[in-house]
Amino acid sequence: MAIPRFWRHIGSRYNLVGTKCKVCGKVYFPPRDVCPVCHRKSLGSMERVKLSGSGKIYSYTVIHTPQKDFEMQTPYVMAIVELDEGPRVTAQIVDCDPSEVHIGMRVRAVLRRIGEDGEGGIIYYGYKFVPERTSAKGAQGHLSVK
Amino acid sequence: MRRVAIIGVGTTKFGELWDKSLRDIGIEAGIKAIEDANISGSDIDAIYVGNMSAGNFINQEHVAALIADYAGLAKRHIPATRVESACASGGLALRHGFMAVASGIHDIVVVGGAEKMTDVSGADATATLIMAADQEWEAFVGMTFPGLYAMMAVRHMYEYGTTKEQLAMVAVKNHRNGALNPNAQFRREIDLDTALNAPMIAYPLGLYDCSPVTDGASAVVLAPLEMAKKYTDTPIEIIGSGQASESLALHDREDICTMKSTVFAAREAYKMAGIMPSDVDVAEVHDCFTINEIIATEDLGFFKKGEGGKAVEEGLTERDGEIPVNTSGGLKAKGHPVGATGIAQAVEIVYQLRGEAGKRQVDGAEIGLAHNVGGTGATAVVHIMRRVN
């Protein structure tokens, strides 16, 4: 992936920045310039918002035949996570056994390494989700990148 | 709007065609179709080609002009148009050919679909197929194409109690049909245990829940119905055509147990045709993964939502069932050369409606339906065809 292509989405990939339509209040991730509910009325009224990163699993799968560059991780869990603010996001579920994962499971976003562009290229970071365990250290329920 | 008929069909064998290039298979299918239609190159007013990703599979774009050229038509300078909507490229090309003839712009139109998928490694083919989904927000984070359909299956199981056995039964049925199709990639039956115990691809989808990587091409010749009898005794009229779109990413849909694009495309096609789902005698539906045959048979109105799995189990979609589905073997057994699939489906329906489907013939089939999906359903195209008596 060309560097600018990754760079221009860093806000969303590192900090789960989405958009909120100031007309109807609906929240979207990734960011949209046009609200699918308000259409033209929403133009210029889509404001950036940082999402909490807390949500629950809507559906999931365990990938055994991976995409290129994910071979070392199989089997790994991918899911659609429904965030508490409403939008759904596709992401990897980590730090748990695949057999633990179920629909409705509470999860929270963490910043992790997603991949890299060859040996000399950039390292891609972004969100993955982990089970929301109240006892876990540092479980603030959101991403935090300084 | 003029009435439109299919007056000729042709297809290559589907499979790993090591000795043939994209242009070879495109031409082979086209020539078979024009021979079947009893026309010659000088009769053709325009061609449309469904092709998903020649740029990635063979590093070649501009393939409609290429195929027209190698069909010997370069000196005739006819319009040659490529149509792309991922795995629905073939069905969408058919719709564009249909609209061109219906509108009166063209009379004789050849619509082909072709994909050459085995000139790249399996990993590269996988990487190309996920381009039908959202590259930035699905593929980037590690999602695969089977993984997306697997999430539909997990949710369908959760909502409606659909079982892994029912998914496997779709594969068993489609292999049984494919065994009778001389052009199918897999001409052998499989049993339920084989399907259930196959290596896992993306839970709950095993190897036999997934359609294969395939080379192949298919073509049809369209003409205004009033001219069709001049060329053939068995014109098959396209009585309904529908197309609809939906969010590109699966996660943006309220309910992933249904494809709204299928629902809306079908609604439009049924309305144009003036028929009900129960009037359909034979259907080719987009079983890129077994779960999608189940979802599609519900969304097309053959069964109530949630009952598609049970319908397979009860044999309702068998060749002698209430609504025979994928008599060709479907994408699962016939093979899935992505850009060709929508046309191949129409070719099977034409064989069925002409009574030329051999051992897989559905007795007395008069109305047939072809349902083609792009990506995870961001595009769906539905065509309804009828025998002209």
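The values are calculated or read from the model by the stated rules, or taken from the named source; none is laboratory data. Note that this is a predicted model, so its numbers are computed, not measured. Because the Cβ atoms are built from the backbone with ideal geometry, glycine has one as well, and the counts that use them run over all protein chains shown. The area values use the complete protein model at the heavy-atom level, side chains included, leaving out ligands, DNA and RNA. Shrake-Rupley method; radii C 1.70, N 1.55, O 1.52, S 1.80 Å.
Values for this structure:
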read-out	value
Longest exposed-site-free window of chain B, the sites being GluC sites (Glu not before Pro) in a DSSP loop that have at most 11 other C-beta atoms within 10 Å	B:1-253
Relative contact order computed over the range A:52-133 (Cα-Cα under 8 Å; 6+ residues apart), in percent	30
3J(HN,Hα) from dihedral phi, the range B:191-202, Karplus parametrisation 6.51/-1.76/1.60, rounded to Hz, x for glycine, proline	9, 4, 5, 4, 5, 6, 9, 5, x, 6, 9, 8
Protein heavy-atom accessible area occluded, B/A pair - total, 1.4 Å probe, Å²	2900
Delta accessible area of at least 20 Å² on complex formation, residues of the range B:137-152, 1.4 Å probe, chain isolated as reference	B:Trp137, B:Phe140, B:Val141, B:Gly142, B:Met143, B:Thr144, B:Met151
Pairs of lysine residues in the range B:264-389 - Cα separation under 22 Å, sequence separation of 8 or more or cross-chain	5
For chain B: relative contact order, % (alpha-carbon pairs under 8 angstrom, 6 or more apart)	26
Orphan Cys of the protein assembly as shown, criterion: no other Cys C-beta under 4.7 Å	A:Cys24, A:Cys96, B:Cys87, B:Cys210, B:Cys257, B:Cys288
Residues whose placed amide H lies under 5 Å from that of B:Ala179, excluding near-sequence neighbours	B:Arg188
The range B:160-306: C-alpha gyration tensor shape, a/c 1.5 cut-off, then a/b vs b/c	oblate
Residues A:Arg112 and B:Ala74, FRET efficiency given R0 of 51 Å [Cβ-Cβ distance, rounded to 0.05]	0.45
Kirkwood Rh, angstrom, the protein assembly as shown [1 / mean 1/r, Cα pairs]	23.8
Nearest-10 value in Å² for the accessible area of A:Arg32, using the 1.4 Å probe	80
Residues along the range A:75-121 losing 50 Å² or more of accessible surface when the other protein chains are present rather than the chain by itself (probe 1.4 Å)	A:Ile80, A:Arg88, A:Thr90, A:Ile103
Three-way shape call for the range B:234-353 based on the alpha-carbon gyration tensor, with the a/c threshold at 1.5	rounded
Built amide H within the under 5 Å cut-off of B:Gln60, gap 5+	B:Gly55
HN-Hα J in Hz across the range B:176-187 - Karplus 6.51, -1.76, 1.60, θ = phi - 60°, x for Gly and Pro	4, 6, x, 4, 9, 9, x, 9, 6, 5, 10, 9
Amide H within-cut-off set for A:Tyr124, under 5 Å, with H built and near neighbours excluded	A:Ile114, A:Gly115, A:Glu116, A:Asp117
Solvent exposure ordering (accessible area, 1.4 Å, most first) of B:Thr262, B:Thr379	B:Thr379, B:Thr262
Expected 222 nm ellipticity per residue - DSSP helices of 4 or more, -39500 (n - 2.57), all of chain B, to 500	-10500 deg cm²/dmol
Heavy-atom surface of chain B, accessible at 1.4 Å and reported per residue (Å²)	33
Karplus 3J(HN,Hα) series, Hz, for the range B:370-382 with 6.51 cos²θ - 1.76 cosθ + 1.60 (x for Gly, Pro)	10, 10, 10, 10, x, x, 9, x, 5, 10, 9, 10, 10
Unit charges on C-beta of K, R, D, E only; dipole of the protein assembly as shown, Debye	1640
Helix-derived mean residue ellipticity, 222 nm - over chain A, DSSP H n ≥ 4, -39500 (n - 2.57), to 500	-1500 deg cm²/dmol
Crossing angle, helix B:341-354 versus chain B [Cα axis fit, 0-90 degrees, rounded to tens]	70
Shape of chain A, Cα gyration tensor, a/c cut at 1.5	oblate
